[in-house]
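J.: Dropping the structure in here first, questions after.
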Amino acid sequence: MKLKSIWESCKTWWLKPRAIRAPLWAWLIVGAVLLFLLTQQHIIPREYITERTIIVTATPMASPLATPRPGTSRSGMLAFTMRHNGNSDLYLLSQRDNKLLRLTFDPAADRDPAWSPDGRQLAFASHRAQNWDLYTIDIASGTILRLTRSPDFEANPTWSPDGRWLAYERYHDQNLDIYVLNVASGESLRLTHDAAPEYAPAWAPDGRHIAFTAYRNGNQDLYLISLDDGTTVNLTDTPDQNEDYPTWSPDGLHLAYSAGVPGDETIWMLPFDKEGLIGGQIRPTLFGVGGQPAWSPDGQSLAFIFRRQDQSYLIAADITGWAFAQEGYNTTDWMGKPDWTAASLPQEAEARLLKRQQEKDPPLYTELFVSPPNEHYRLIDLPDVNHSDHAEKLSDAVNDSFNAWRRAVKAQTGWDFLSQLGDSSRPMNYTPRPGQGRISWHVCGRAVDVDQSYLRRGLIELVREDIGGTTYWRVFIKAKKQDGSMGEPLRVAPWDLSVRGENSEVTAEGGKLKDKVPPGYYVDFTTIAADYGWERRNALSNWRTSYYDVEWWHFQKTVGMSWYDCMLEIYSTDEISQSYGILPWWTHRPEWEVQAMP
């Protein structure tokens, strides 16, 4: 029956004499039926293909999550990723009692949790099938379903408001783009087509737009794609700043995001007015220090990650000010990608997870000692490094962690990267490199240098990270297998040190960004090093003009001690003073404290 004829019938019925008119409740039922019929023509998903873009229509879901409700910011659950004991898993943090529960236990990595609109499921990315795919986990039962089975890298899911679609990032034919997936049918459709990496999608509550991060024109900005016509808009357009991790407020009126690099991030809030954004009339406002924001279900708070030294904090703060901030959890483990739901954890699920997490994972390694008790540590030969069992040495206090680190890198990259070193141990009377002093962690057996020829041979890439005015390098190793089973694609352009000296401008900057993001799959060597306690060394202040000060190759294991304490592990005070004389006061301070000094 057509809607017009339905309306005519209802109007005739209402105008009948009162004696035969139906009661009010019957009229309300008819009105509800009419409203249902009117809305059905908008609920049915539509999809069509344009010359450039496949458009998917998804209808916003009318749910409590889209309605601000004062006073509920401390309710529900936060899901997030935590890297512990060398592996990433999903965790839940109750906002009611701050109880932390581990949700996934697979030996392969799980990450990028995203709550379904009803809070009953989490979508996430996992490497449990030997490549990165999308999965869902039913919170009540713990049932895990695999959604994708492509050898391509797939991660960072985000739900459509009606819960029927997932937008996500996928690396296919050497392009990282935004795709959408029909959860029921498994059909996937590509949304973006730019040659630059496009990733980290966030589906808007209106169902008609998806925000995402893109590295175009040598800069990382936030973009918006319309599902009505496929047009894209640059939301931030800041050549001097990198933005990432977009997330929508439940009412769709604001977009929160991170700006900066990990460890030196700030959070911004951008009002969503599409026409105003296109016209350049809308400006973001600073929320505070931190990164990777997630909105509370009532839209009154943001959860985010804050990092200081080796500590990560999960914090919730009222959007009206930091005076209402509340720390949820802190750890020396890496945390990331929080997501917040109003739903509560069923008691049966909580009991199941509490029982499961009593099982302890085996340690990554055990440090065994050959040095006699109450004596100085010995310098131990590293097996088959630089083609010899006696070429390089490390302190007895750290050599087992290095050997375990080496095995992990080989397993994840496909080749024995740490079998070749620049150097590790140095004698106290060694001659330092030009412009550098003799204070070196190599002397006390707690530092290694990566073989620098790897960079010249194109086997690694360096991503520059400026944190608190200090330059650090993140080392990425090109995986031996390029079939998606190892590593993941790069998202930003690496730093090119090879162009130093070509012209005065490049030399003054110490190099430049590469013109394009290199294709292929890479493994984050710096993160694996941190799993085993090996820290990257920051570049020294003169690195732009002195290559020896770049220090991208240098990793050391200090465990918070000072260099002088490290020396005392190996040498006597007389040996140290005979070689170094009277030492400056800062040699007795912990490494992190020295780096923090102005």
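J.: So Pro239 clears everything in (1) on the phi < 0 side of the Ramachandran plot; (2) buried (at least 20 other Cβ atoms within 10 Å of the Cβ) except one condition, right? Which one?
T.: Of everything listed in (1) on the phi < 0 side of the Ramachandran plot; (2) buried (at least 20 other Cβ atoms within 10 Å of the Cβ), Pro239 misses just condition (2).
J.: Against the definition (hydroxyl-bearing (Ser, Thr, Tyr), buried (at least 20 other Cβ atoms within 10 Å of the Cβ) and assigned by TED's automatic domain parsing to the domain that holds Trp203), how does Ser344 come out, yes or no? Explain how you work it out, then say what you get.
T.: Details: hydroxyl-bearing (Ser, Thr, Tyr): yes; buried (at least 20 other Cβ atoms within 10 Å of the Cβ): no; assigned by TED's automatic domain parsing to the domain that holds Trp203: yes.
No, not satisfied.
J.: Let me ask something additional. Just for region 92-134: of the residues that are part of a strand (DSSP E or B) and without any contact (Cβ under 8 Å) to a residue 24 or more places away in the chain, which one is surrounded by the most Cβ atoms within 10 Å (Cβ to Cβ)? Full working, then the answer.
T.: Step one: list which residues in region 92-134 are part of a strand (DSSP E or B), which gives 92-94, 100-102, 110-115, 121-126, 133-134.
This time we only want the ones that are without any contact (Cβ under 8 Å) to a residue 24 or more places away in the chain, so: 121, 126, 133.
Values: Gln121: 22, Ser126: 25, Asp133: 22.
Ranking the qualifying residues of region 92-134, first place goes to Ser126.
J.: What is the number of the single condition among (1) out of contact with any helix residue (DSSP H, G or I) (no Cβ under 6 Å at 6 or more places or on another chain); (2) surrounded by fewer than 23 Cβ atoms within 10 Å (Cβ to Cβ); (3) more than 29 Å from Tyr329 (Cβ to Cβ); (4) not hydroxyl-bearing (Ser, Thr, Tyr) that Leu227 does not meet?
T.: The one condition Leu227 does not meet is (2).
J.: Here are some conditions: (1) buried (at least 20 other Cβ atoms within 10 Å of the Cβ); (2) under 28 Å from Asp565 (Cβ atoms). Pro494 meets all but one. Which one does it not meet?
T.: That leaves (2) as the condition not met.
J.: Still on this structure: Residues to consider are Val559, Val550, Val594; find the one that is within 17 Å of Tyr472 (Cβ to Cβ), modelled with pLDDT of 85 or more and β-branched (Val, Ile, Thr). Steps first, please.
T.: On the way: Val559 fails: within 17 Å of Tyr472 (Cβ to Cβ); Val594 fails: modelled with pLDDT of 85 or more.
Only one candidate passes the filter, namely Val550.
J.: If you check Leu455 against the conditions, is it modelled with pLDDT of 95 or more, buried (at least 16 other Cβ atoms within 10 Å of the Cβ) and over 22 Å from the mean Cα position of the chain (by Cα)? Step through it out loud before you land on a result.
T.: Working: modelled with pLDDT of 95 or more: yes; buried (at least 16 other Cβ atoms within 10 Å of the Cβ): yes; over 22 Å from the mean Cα position of the chain (by Cα): yes.
The answer is yes for Leu455.
J.: Based on this model, can you work out whether Pro239 counts as at pLDDT below 95 and not in a strand (DSSP E or B)?
T.: Working: at pLDDT below 95: yes; not in a strand (DSSP E or B): yes.
For Pro239, the condition - at pLDDT below 95 and not in a strand (DSSP E or B) - is met.
J.: Which condition breaks for Leu181 when tested against (1) farther than 14 Å from Ile210 by Cα; (2) in a strand (DSSP E or B)?
T.: Against the list (1) farther than 14 Å from Ile210 by Cα; (2) in a strand (DSSP E or B), Leu181 comes up short only on (1).
J.: Would region 333-355 turn up any residue that is touching a strand residue (DSSP E or B) at 6+ places or on another chain (Cβ under 8 Å), β-branched (Val, Ile, Thr) and within 26 Å of Gln309 (Cβ to Cβ)? It would help to see each step written out before you state the result.
T.: In the first step, residues of region 333-355 are kept if they are touching a strand residue (DSSP E or B) at 6+ places or on another chain (Cβ under 8 Å); the result is 333-341, 343-345, 350, 353-354.
Next, only the ones that are β-branched (Val, Ile, Thr) stay: 341.
Next, from what is left, pick out any that are within 26 Å of Gln309 (Cβ to Cβ): none.
No - not one qualifying residue is present in region 333-355.
J.: When both residues are 6+ apart or on different chains and their Cβ atoms are under 6 Å apart, which pairs have a first residue that lies in region 543-556 and is assigned to a helix (DSSP H, G or I), and a second that is among the aliphatic types (A, V, I, L, M)?
T.: Asp549/Leu540
J.: Restricting to region 399-444, what's the tally of residues that are within 23 Å of Tyr377 (Cβ to Cβ) and either among the aliphatic types (A, V, I, L, M) or not assigned by TED's automatic domain parsing to the domain that holds Val550 (or both)?
T.: Counting residues in region 399-444 that are within 23 Å of Tyr377 (Cβ to Cβ) and either among the aliphatic types (A, V, I, L, M) or not assigned by TED's automatic domain parsing to the domain that holds Val550 (or both) gives 6.
J.: A follow-up question, please. Residues that are in contact (Cβ under 8 Å) with a residue 40 or more places away in the chain, in a loop (DSSP other than H, G, I, E, B), in the same structural domain as Pro113 (by TED's automatic domain parsing) and surrounded by fewer than 21 Cβ atoms within 10 Å (Cβ to Cβ): does region 248-255 have at least one?
T.: yes
J.: Output the residue which, of all residues in region 225-236 that are more than 25 Å from Pro494 (Cα to Cα) and in a strand (DSSP E or B), is nearest to the chain's Cα centre (by Cα).
T.: Looking only at region 225-236, we keep the residues that are more than 25 Å from Pro494 (Cα to Cα), and these are 225-233.
Those left that are additionally in a strand (DSSP E or B): 225-226, 232-233.
Numbers: Ile225: 22, Ser226: 25, Thr232: 24, Val233: 24 Å.
The selected residue is Ile225.
J.: With the condition kept exactly as written, say whether any residue in region 351-358 is touching a residue at least 12 places away in the same chain (Cβ under 8 Å) and more than 16 Å from Arg102 (Cβ to Cβ). Let's see the steps before the verdict.
T.: Start the filter on region 351-358 by keeping residues that are touching a residue at least 12 places away in the same chain (Cβ under 8 Å), which leaves 352-354, 356-357.
After this cut, where a residue has to be more than 16 Å from Arg102 (Cβ to Cβ) as well, the list is none.
For region 351-358, residues touching a residue at least 12 places away in the same chain (Cβ under 8 Å) and more than 16 Å from Arg102 (Cβ to Cβ): absent.
J.: OK, next. If you scan region 502-525, which residues turn out to be touching a residue at least 60 places away in the same chain (Cβ under 8 Å) and either of a type in the set (Val, Ile, Thr) or over 30 Å from Ala109 (Cβ atoms) (or both)?
T.: Selection gives Asp515, Val517, Val523.
J.: Separate question: Would you call Ala195 within 21 Å of Val233 (Cβ to Cβ) and either surrounded by fewer than 22 Cβ atoms within 10 Å (Cβ to Cβ) or not assigned by TED's automatic domain parsing to the domain that holds Gly520 (or both)? Step through it out loud before you land on a result.
T.: Details: within 21 Å of Val233 (Cβ to Cβ): yes; either surrounded by fewer than 22 Cβ atoms within 10 Å (Cβ to Cβ) or not assigned by TED's automatic domain parsing to the domain that holds Gly520 (or both): yes.
Spelling it out, Ala195 is indeed within 21 Å of Val233 (Cβ to Cβ) and either surrounded by fewer than 22 Cβ atoms within 10 Å (Cβ to Cβ) or not assigned by TED's automatic domain parsing to the domain that holds Gly520 (or both).
J.: Can you tell me which residue among Ala303, Ala351 is outside any loop (DSSP other than H, G, I, E, B), in the same structural domain as Arg83 (by TED's automatic domain parsing), surrounded by fewer than 23 Cβ atoms within 10 Å (Cβ to Cβ) and of a type in the set (A, V, I, L, M)?
T.: Working: Ala303 fails: surrounded by fewer than 23 Cβ atoms within 10 Å (Cβ to Cβ).
The match here is Ala351.
J.: Looking only at region 418-441, how many residues end up being closer than 16 Å to Ala391 by Cα and touching a residue at least 40 places away in the same chain (Cβ under 8 Å)?
T.: Selection size over region 418-441: 3.
J.: Looking at region 135-142, is at least one residue over 21 Å from Tyr257 (Cα atoms), charged (D, E, K, R) and part of a loop (DSSP other than H, G, I, E, B)? Quick ask: steps written out before the conclusion?
T.: Let us first name the residues in region 135-142 that are over 21 Å from Tyr257 (Cα atoms), namely 135-142.
Then keep just the ones that are charged (D, E, K, R); that gives 138.
Filter again for part of a loop (DSSP other than H, G, I, E, B), leaving none.
The answer is no, given that none of the residues of region 135-142 is over 21 Å from Tyr257 (Cα atoms), charged (D, E, K, R) and part of a loop (DSSP other than H, G, I, E, B).
J.: Next up: Could you tell me whether Leu270 is closer than 27 Å to Asp466 by Cα and over 20 Å from the mean Cα position of the chain (by Cα)?
T.: Numbers: closer than 27 Å to Asp466 by Cα: yes; over 20 Å from the mean Cα position of the chain (by Cα): yes.
Considered against the rule, which asks whether it is closer than 27 Å to Asp466 by Cα and over 20 Å from the mean Cα position of the chain (by Cα), Leu270 comes out as yes.
J.: Can you give me the number of residues within region 380-390 that are buried (at least 16 other Cβ atoms within 10 Å of the Cβ) and closer than 18 Å to Tyr454 by Cβ?
T.: Of the residues in region 380-390, 3 are buried (at least 16 other Cβ atoms within 10 Å of the Cβ) and closer than 18 Å to Tyr454 by Cβ.
J.: Here is a further query. Could you tell me which of the residues Arg407, Arg446 is under 35 Å from the mean Cα position of the chain (by Cα), among the basic types (Lys, Arg), closer than 20 Å to Glu551 by Cβ and modelled with pLDDT of 95 or more? Lay out the reasoning, then the answer.
T.: Details: Arg407 fails: closer than 20 Å to Glu551 by Cβ.
Answer to the check: Arg446.
J.: From the residues in region 322-337 that are touching a Gly at 6+ places or on another chain (Cβ under 9 Å) and either surrounded by fewer than 16 Cβ atoms within 10 Å (Cβ to Cβ) or in a strand (DSSP E or B) (or both), which one is modelled with the highest pLDDT? Write out each step before concluding.
T.: Looking only at region 322-337, we keep the residues that are touching a Gly at 6+ places or on another chain (Cβ under 9 Å), and these are 322, 325, 336.
If we keep only those that are either surrounded by fewer than 16 Cβ atoms within 10 Å (Cβ to Cβ) or in a strand (DSSP E or B) (or both) too, we end up with 322, 336.
Working: Trp322: 56, Gly336: 95.
Per the stated criteria, the residue is Gly336.
J.: Which condition number in (1) among the hydrophobic types (A, V, I, L, M, F, W, C); (2) closer than 26 Å to Gly263 by Cβ; (3) in contact with a helix residue (DSSP H, G or I) (Cβ under 6 Å, 6 or more places away or on another chain) is the one that Ile467 fails?
T.: Single failed check for Ile467: (3).
J.: Here is a check on your reading of the model: is Phe80 in contact (Cβ under 8 Å) with a residue 40 or more places away in the chain, in the same structural domain as Phe306 (by TED's automatic domain parsing) and outside any loop (DSSP other than H, G, I, E, B)?
T.: Working: in contact (Cβ under 8 Å) with a residue 40 or more places away in the chain: yes; in the same structural domain as Phe306 (by TED's automatic domain parsing): yes; outside any loop (DSSP other than H, G, I, E, B): yes.
Here the answer is yes, as Phe80 does meet what is asked.
J.: For region 402-421, give me the residue count where each residue is hydroxyl-bearing (Ser, Thr, Tyr) and surrounded by 22 or more Cβ atoms within 10 Å (Cβ to Cβ). Before you say what the answer is, go through the steps one by one.
T.: Going residue by residue through region 402-421, those that are hydroxyl-bearing (Ser, Thr, Tyr) are 413, 419.
Restricting the remaining residues to those that are surrounded by 22 or more Cβ atoms within 10 Å (Cβ to Cβ) gives 413.
So the count comes out to 1.
The values are calculated or read from the model by the stated rules, or taken from the named source; none is laboratory data. Everything numeric in this text was worked out from a predicted model, so none of it was measured. Using ideal geometry, Cβ is built from the backbone for each residue, glycine included, and neighbour counts are taken over all protein chains shown.
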